[in-house]
Structures are given as C-alpha cells and as structure tokens.
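Just so you know, all these numbers are worked out from the coordinates, no wet-lab data involved. Values in this document were obtained by computation on a predicted structure and should not be read as measured data. Note: ideal-geometry Cβ built from the backbone for every residue, glycine included; neighbour counts use all protein chains shown.
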Amino acid sequence: MSETVRTCAHCGARNKPTWEFCARCGEALEIEAHELEADIFASEAEEADEEEVDEPAPSGGNMLRDLAVMGALAVGAIVAWQWMQTPTASAAPAPGFVTLATLPPATARPARSVERAPGAEEFEEGRRLLARGEVAQALSLLERAVAAAPENGRFRGMYAQALTASGAVDEGLTQYEAAVRLDPADFDLASEFARTLHRAGRPAEAAAAYEAALTLQPRDEAVLRELADLHVRAGRADRSVELLSQAVQMRPGDPVLEQQLGRALETSGKLDQAAEVYRRVVERVPQAHLTRGLLAETLFSQGRADEAIGVFRAGLDRDAAAPLLHRGLASLLERTGKFAEAMAAYREYARLAPGAPDAAQLADRAALIEQRLASR
C-alpha cells in the first residue's frame, strides 16, 4: 500500500505523512494540502528509511480526520513515555518525591504489653471481692498486694479494711496506722482510720485521728459531725459547738445538723441558744417529734413549764396519734403535779405503741398514779 510522502524543504528527504519533523535534519515539515490525503489505517510497523520512503497507496480520508488521528497518536506517545518513566513498585522514589506514610503490617511487630505496678492486679481483684462481701477471698489477695508493694499506703488501707471486716479489728487498725503513715495526705484513708477507731470504742484516739483528717479537708461535713459527737460525749461540748456551727454554716437548714448543734449547746449550758435552734427546726419541720421533745425539756429546765407543755400540745394538735408526744407530755404533766392528765397521757402512749419497750412499764405507772389519786 502506498502513501503520500512529505518532502523536507530543507534537505529534500521524503518522510511519512504523519511525521511533523524531518527524519534526516529534524526541521519542521510544511503541510501541503495534497499531502493530507493519507491512509490513516496504514501499518506503522514499517521501518522508516531516512533517505527514501516507500510510497503507500493514497486513502480516501479527509484532512480533519487525519489531523484528529495525528493528535491522538501524539497524545498516546506522550502517555506511553510518561508510563515508561514511572518507577516500578520495587524502585526507590526519586529525591524530593513526597509519599504518604504507610502503616507497617499487623504482624510486623508484636504489640507491647502494658506493664502493671507490682501488686496492682491483686489489689484490684481484692477490692472488687471486698465490695461484693467476699471478705476471705479479698483478704488473701490484698495481703499478697501489700507483700508485693509494702510501701503503698493505698494497698495497706484496703487490706486494713478487709481485716476489720473479717473481725480482726486490732490488726486492721495496725495496718491503718501504717497506711496513714505511708500516705499522710490521703483524706479518705485518714477519715476511715478515724471511723474505725470510733467503732472500736477508742474515742480518744478516734478524736485525734478525726482532727488529723480535718487538717486535710477542714470543711468535710461528715467528719465535722462525727468528731463533734465524740467531743460532746466526752464532755467537751464547747469544741463540739464549734465544729457543728461550721457544719451548719456549710449546710444551712439541715435539721439533723441543727438538732446536733442544739444538743451540744444544751450540754454546754447555753440553754437559750439551744432552745432557739430547736425551735427553728420545729418550725421548719413540724413533724420532728424528737426535736420538739428536746425543745420542751430545754424550756422546762429554764423553769418555763407551761411553755414546755404548750410545745407538746401544739404537736398533738397537728398529730394526735404520735406516741412520742404523748409520752413526753405525760412526763411533764406528772412533774408539774397534773397527775390525772399524766395518767391519761401514759395510757394513750401504751395504747398507740403497745410494742414499745417501755409501753408496759408506763401503763403500770399510769395504774400507780390512779391508785395514789384514789387513796387521796
């Protein structure tokens, strides 16, 4: 098959019609109109002859089609050249070539295990068992934790708790003491040590431990209340008043704290202040029958018997079925010489609370008063 030849105007060499530059001299080939009549489907496997090219047969194509094909061939050649220049997967990237970081295979290196502190595993399991009430199993694990880390105050504190729960109170207190010495800044440890001493019936040591805990958290309401109770029982009512006043300031309106403060004031001889605190509680919580009784007794101690009786009667007007109020009223009535009313109040108490420990005793007292009245 022959083709139209493109002759170089500079050197005279004949070139294929699809070439843009002369194969001999490299100069640009001028396109003549008659040269565009080329067979675009001719085989390109033939070797180009720089001196002379065989003439293929002309085709029936047009100029626009040949231009499109020539452009496509040029683009294809460029793409092929770029592909050939692309490094293979095993080749190293060229300097300055930026690549994204890749993660190593999952099996490239085993995961590094987290190293736990000595005794930590035994401590965690022992604490879990102790919370579930499995004291014996917890005790064994916590003992091992302390053996593994004897300087760990937290471990010793939990071990002390387990010992106390198992009944070994003295040994538990020994461990608590060691734990507090190892970790003197741990408020929870210090306060639990104080509570354990309190429960063990060692009030002086407990008071000292509570005071130490308060140095760590001076505004802890629970410790203030518990320490105040210890002081008032030991006859140190003034210190108790001081502590409870702080607690009430932190939780104003708390009837339990205010009742405790009233008792401390009463014990310290500050009856007016005690009555004021009691009255405040009763006005806020009218059904606080115990506090109402404390108010009435404080007033009676001040020689205000009628006012004290009126406090009980006001409570019964609100709740006529309150056994505690009937008993308190009966006592005051008897002490003020109103025996008939006292007898009736005692019997009403026994009727409303037949299962109370003193119900039978106070019923007998009512009978005794009746006999005395009859003998008169």
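Whenever a residue of region 162-187 is free of Cβ contacts under 8 Å to residues at least 12 places away in the same chain, its partners that are not in a loop (DSSP other than H, G, I, E, B), lying with C-beta atoms within less than 6 angstrom and at least six residues away or across chains, give the pairs Glu171/Leu163.
Among the residues of region 219-228, those that are surrounded by fewer than 19 Cβ atoms within 10 Å (Cβ to Cβ) and in a helix (DSSP H, G or I) comprise Glu221, Ala222. Whether any residue in region 303-311 is under 13 Å from His289 (Cα atoms) and in a helix (DSSP H, G or I) is what I want to check. Taking every residue of region 303-311 in turn, at least one turns out to be under 13 Å from His289 (Cα atoms) and in a helix (DSSP H, G or I). Before we move on, is Asp186 surrounded by fewer than 19 Cβ atoms within 10 Å (Cβ to Cβ), within 27 Å of the chain's Cα centre (by Cα) and within 29 Å of Leu227 (Cβ to Cβ)? Yes.
When restricted to residues that are in a helix (DSSP H, G or I), more than 13 Å from Glu221 (Cα to Cα) and hydroxyl-bearing (Ser, Thr, Tyr), region 241-279 contains 2. Only a single item in (1) over 27 Å from the mean Cα position of the chain (by Cα); (2) in a loop (DSSP other than H, G, I, E, B) is not met by Ala117, and it is number (1).
Every test in (1) crowded, with 24+ Cβ neighbours inside 10 Å; (2) farther than 15 Å from Arg199 by Cα; (3) in contact with a Phe, Trp or Tyr (Cβ under 8 Å, 6 or more places away or on another chain) is passed by Tyr176 save one, and that test is (2).
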